[in-house]
1. How large, in Å, is region 426-479 by the Kirkwood hydrodynamic radius built from its alpha-carbon pairs?
2. Just to be sure I understand the model, the point goes 7 Å from the Cα along the line to the Cβ. What's the resulting Phe28 to Lys466 distance in nm?
3. Relative contact order (percent) for region 421-542, with alpha-carbon contacts under 8 angstrom and 6 or more residues of separation?
4. With label points built 7 Å along Cα→Cβ from the Cα atoms of Ile257 and Gln521, find their separation and express it in nm.
5. In debye, nearest 20, what is the charge dipole magnitude of region 385-536 about its Cα centre with +1 on Lys and Arg Cβ and -1 on Asp and Glu Cβ, if you could check?
6. Where does region 400-448 land on Rg(C-alpha)/(2.2 N^0.38 Å)?
7. Amide H to amide H under 5 Å from Glu101: which residues, 5+ apart in sequence or cross-chain, H placed 1.01 Å off N in plane?
8. Note the full-extension length gain between Ile308 and Lys390 as 0.36 nm times their separation in residues minus their Cα-Cα distance, in nm to one decimal.
Amino acid sequence: MKFAVQKPRYLMVIGLTIFLSIIGIVLFTGSLLEQRMTRISGFTGGILYKQKLSIFSYEFNNILNINRNAIKSFAQGKGGNAEELSDENLQKTLRQALLVEKKVNRAWYALVKGADTSFFYLIRNAEGVRKAAMPDEVKAWARQQFLIQNGPMVRSRMTNERDTLHWLTASDLLQSAKGKLIFGLDINLLELQHSFYNIDPITTTFAFIVDENGVCIYNPYEKLIGKKMYRMRTEKMNTKVIGGGKIRSEKVMSDSIQIPVNRYYIPNAIVGLKWTMVVDIPSFVLEEDVSAIKNYSVYLGLIAVSIIIGLIWLYQHRWQKEFLLRREVEINRQELSMEKQALNLIAERQQKENALLQLGKLKEKVNPHFLFNSLSSLNALIAQDPDLAKSFVVKLSRVYRYVLESYPNGLATVEEELRFMNEYFFLLKIRFGEALEPLTLEVSEEHLQAKIPFMSLQTLIENAVKHNILSKSNPLKIRMESQGDGIMVSNNLQLRPDVRDSGKQGLNYLQSTYAYFGNEQLKYGVEGDQYQCFLPVLYLTE
């Protein structure tokens with residue numbers, strides 16, 4: 001394999017494959033990026049035109065609110081009072097309006113009382129606010145407003161004064177028993193344009209506003225204000241926007257700045273007015289960041305491909321060594337696992353042999369001592385109660401038959417152990433009489449077929465008899481009951497002071513047996529005035 005890799009033809013095939021893979025990845029990711037960038041560009045454009053729209057909507061609404069707030073101040077409880085409709089109060093309101101909104105320099109009101117109509121016109125200049133004669137065209141338009149009962153949302157009109165486009169606005173008509181009142185503004189759109197210079201000065205967007213007839217109302221190029229920018233033809237985008245009432249966009253060459261732009265048409269930009277706001281966003285503004293992202297993505301893709309190729313080469317270079325090393329480690333792991341299993345088998349065999357050895361010692365211990373005590377009891381019983389003596393002999397033979405039986409795995413069923421324990425306890429009861437109370441037994445049926453160590457119950461009863469004082473005044477009480485997954489054996493604690501340490505041979509036997517079967521739940525010890533031993537039951541399959 002190493003020899004084949006070194007052949008020039010083989011290297012050329014690998015190199016060509018890698019090169020074609022890189023080209024394919026670049027073209028594929030480029031196509032995806034192009035689609036994604038187009039969406040990002042549209043999203044960015046939407047954010048920019050909405051920012052521009054919010055700025056101009058805010059400024060124009062502030063201007064329109066001058067009339068609304070002025071008429072509202074008299075409409076809320078003041079209109080019916082002739083004193084409050086006095087020239088002094090009206091002029092004061094008008095002056096305050098000019099002082100609040102710096103973008104407006106001319107304001108007026110018209111008041112009809114009976115057959116008399118009065119007009120008042122204020123102009124603000126560098127010297128302050130002064131009264132002036134109301135232009136005839138403004139006065140004529142104001143008279144018309146008194147005749148309109150349910151006017152549009154915004155009363156508005158465009159008029160030329162000395163070759164300058166003016167925007168006339170008026171409030172709603174306030175009628176009362178004392179007269180009729182209208183507030184209005186006379187806005188020089190060229191002066192308004194100047195006041196907008198410091199609004200959003202660092203923007204990269206270009207915006208202008210036209211009315212429903214295509215006449216320019218606002219434009220950074222002042223010479224276009226008042227000019228008709230669009231011929232209202234059906235195919236024109238501006239006409240479609242006004243007719244449909246939906247925001248539209250197109251890519252065009254700007255007549256003003258002479259560069260490609262993304263143009264957004266926003267109809268009804270100012271609430272209540274049929275004006276269309278046009279926002280031009282230079283294409284390079286949207287494409288600059290998008291192109292940078294695209295280039296960065298391509299560079300990252302190439303870097304990623306280079307890293308992958310390098311890692312593949314490194315992997316192939318080290319593969320054989322790592323494979324051999326892993327194989328050696330796996331062999332060592334298997335050997336260690338086999339050794340561990342062998343040690344576990346040895347340990348289990350030793351535990352079992354230890355348990356069986358201790359069981360043998362227990363059997364040897366039962367044979368001489370228990371037989372001697374049982375024969376002594378039988379000797380006394382023959383003379384007193386021959387029938388009971390016969391039963392005693394039968395029970396004794398059954399006990400020794402059970403002890404001598406072979407249980408290779410060291411376990412017996414709970415049912416067998418209970419039967420053996422009852423016969424053993426019968427012999428003890430004959431021997432100790434009233435000093436040993438009858439056995440309390442509460443073992444559930446579901447535990448009868450489970451298994452416990454051979455002679456475990458007899459061992460615990462023998463320990464209780466051996467280590468405690470038995471008397472008629474303080475009899476020994478032994479209790480066996482099912483608890484959870486085991487059997488609890490308990491007796492009242494009245495220890496004998498003269499018992500020698502037996503080395504816990506019986507308990508060691510039980511521990512070794514349970515350890516061999518992997519159960520560590522054997523528990524024993526003093527609890528209050530009781531000695532308790534918990535024997536877990538085992539469910540084994542043959």
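Since every read-out is calculated from the coordinates, none of them should be taken as a lab result. What you see is a predicted model; the values in this text were computed from it and never measured. Quick reminder, even Gly has a Cβ in these numbers, built from the backbone with ideal geometry, and neighbours come from all protein chains shown.
1. 12.5 Å
2. So the label points at Phe28 and Lys466 sit 8.1 nm apart.
3. Details: 161 pairs, mean separation 34.2, N = 122.
So the answer I get is 28 percent.
4. 8.3 nm
5. Rounded to the nearest 20 debye, it is 540 debye.
6. Details: Rg = 13.0 Å, N = 49, 2.2 N^0.38 = 9.7 Å.
Cα-based Rg divided by the globular estimate yields 1.34.
7. none
8. Values: separation 82, 0.36 × 82 = 29.52 nm, distance 9.38 nm.
Computed gain between Ile308 and Lys390 is 20.1 nm.
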